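Below you'll find the structure, written out as structure tokens, and then a few comments.
The values are calculated or read from the model by the stated rules, or taken from the named source; none is laboratory data. Here the structure is a predicted model, which means the values were calculated and not measured. Glycine gets a Cβ as well: all are built from the backbone with ideal geometry, and neighbour counts include every protein chain shown. These accessible areas exclude ligands, DNA and RNA; they are computed on the full protein's heavy atoms, side chains included. Shrake-Rupley method; radii C 1.70, N 1.55, O 1.52, S 1.80 Å.
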Amino acid sequence: MKTVKQVSADFSEQLSTIYEANEVNSLCMIVLENVVNISSAKIKAFPETGISTPDSERITNILTRLATGEPIQYILGYTEFYGLTFNVNPSVLIPRPETEELVDWILSSVRSSELAVGKFLDIGTGSGCIPISLKKNLPEAEVSAIDISPEALQTAKENAELNKVNINFIENDILNPTNHSLLTTHYSLIVSNPPYVTLEDKKLMHTNVTDFEPHTALFVPEDDPLIFYKAIADFASTHLEKDGLLFFEINESYGKQIVNLLNSRLFINIELRKDMSGKDRMIRATK
Ligand code: GLN
């Protein structure tokens, strides 16, 4: 029978070339907690704890997948975002901590504004992490979300059920919107974390992102990296109510350009914010 200590040694041996030591440690903890169902405190305090053969086999299978660079969230099939659980699979981007910061900014802006909560729209919803965490925290909002991918929408619907919220999901392409109700509705808030990674950025990215996460959710054409921001800003100019709010997650290299773009479309109170790593990461603007 293997012990916790031996499993941890297997993790270091197989993952040290692709992950930093502290990441290897936290992956080992996550897997042990998940498979063996023991607390991280117990794992740390009792390294000689034995692990049953079936559990050991499950851990070995997970480790083999981790060693290919597959993200742990896809292997386990879920992740946490804004204190909620979301199912994830390769049809959706794994929710990121910087997007939690965006959700936080939206919630505090809505709570501190004098405006009625009204109708919200999330464009390119993926796993549904943005609209679901907004609806969970502002139950009076009427929340819709669109995505071009039917598989992503299916996952987002499952996540809405899992978190017991009601969201209106619509399959649509924001570069070529066709849905009648989408085009006739006016919103009090529009948010988007659209694809924003350029080929230049791709060179610097970890292969567990580029080899496993959905390229339609990540990459933009080299010759038009702001294609989604232009389309969404145009859509928002005609579909936001007066004083309505527009929120974007952005590529850190394009903060000024997106501010200019919003200025040129007559948005006001444009504010650029950094994420916890000090990178320009999100923008708020008012119609
Ligand atoms: N922040 C994500 C990443 O760095 C990209 C998200 C996006 O393109 N919208 O992988």
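Numbers below:
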{"item": "Residue check for T216: modelled with pLDDT of 95 or more, within 16 Å of the ligand (Cβ to nearest atom) and under 25 Å from N251 (Cβ atoms)", "result": "no"}
{"item": "Those residues of region 88-97 which are open to solvent by 40 Å² or more (accessible area, probe 1.4 Å), in contact (Cβ under 8 Å) with a residue 24 or more places away in the chain and in contact with a strand residue (DSSP E or B) (Cβ under 9 Å, 6 or more places away or on another chain), in sequence order", "result": "P97"}
{"item": "Every pair of residues 6+ apart whose Cβ atoms lie under 8 Å, when the first sits in region 244-270 and is closer than 23 Å to P97 by Cα and open to solvent by 70 Å² or more (accessible area, probe 1.4 Å) while the second is assigned to a helix (DSSP H, G or I) and within 16 Å of the ligand (Cβ to nearest atom)", "result": "S253/D201"}
{"item": "Filter result (in a loop (DSSP other than H, G, I, E, B) and either under 13 Å from T125 (Cα atoms) or within 15 Å of the ligand (Cβ to nearest atom) (or both)) within region 88-98", "result": "V88, P90, S91, V92, L93, I94, P95, R96"}
{"item": "Any chance K157 is under 15 Å from V92 (Cβ atoms) and touching a Phe, Trp or Tyr at 6+ places or on another chain (Cβ under 8 Å)", "result": "yes"}
{"item": "Any hit, region 145-158, residues being crowded, with 24+ Cβ neighbours inside 10 Å and in a helix (DSSP H, G or I)", "result": "yes"}
{"item": "Residue list for region 112-142, filter: in contact with an Asp or Glu (Cβ under 8 Å, 6 or more places away or on another chain), open to solvent by 30 Å² or more (accessible area, probe 1.4 Å) and closer than 22 Å to T79 by Cβ", "result": "G124"}
{"item": "Entirely in region 1-87, the helices (runs of 4 or more DSSP H) that have 2 or more residues that are touching a helix residue (DSSP H, G or I) at 6+ places or on another chain (Cβ under 6 Å), among the hydroxyl-bearing types (S, T, Y) and without any contact (Cβ under 8 Å) to a residue 60 or more places away in the chain", "result": "4-15"}
{"item": "Region 219-228, residues that are within 14 Å of Q257 (Cβ to Cβ) and either within 11 Å of the ligand (Cβ to nearest atom) or small (G, A, S) (or both)", "result": "V220, P225, F228"}
{"item": "Residues (free of Cβ contacts under 8 Å to residues at least 24 places away in the same chain and more than 9 Å from the ligand (Cβ to nearest atom)) located in region 191-205", "result": "L199, E200, K202, K203, L204"}
{"item": "Check on L63, at pLDDT 95 or above, of a type outside the set (V, I, T) and within 29 Å of N163 (Cβ to Cβ)", "result": "no"}
{"item": "Matching residues in region 121-152 - criterion: being charged (D, E, K, R) and closer than 19 Å to L246 by Cβ", "result": "D122, K135, E142, D147"}
{"item": "Single match in P225, P214 (criterion: crowded, with 17+ Cβ neighbours inside 10 Å and within 17 Å of I146 (Cα to Cα))", "result": "P214"}
{"item": "Subset of region 159-177 that is free of Cβ contacts under 8 Å to residues at least 40 places away in the same chain and open to solvent by less than 30 Å² (accessible area, probe 1.4 Å) - its residue that is nearest to the chain's Cα centre (by Cα)", "result": "A160"}
{"item": "Residues within region 178-190 that are open to solvent by 40 Å² or more (accessible area, probe 1.4 Å) and within 16 Å of the ligand (Cβ to nearest atom), tallied", "result": "0"}
{"item": "Filtered residue count, region 99-144, keeping only those that are part of a loop (DSSP other than H, G, I, E, B) and either away from the ligand (no atom under 15 Å from the Cβ) or free of Cβ contacts under 8 Å to residues at least 40 places away in the same chain (or both)", "result": "10"}
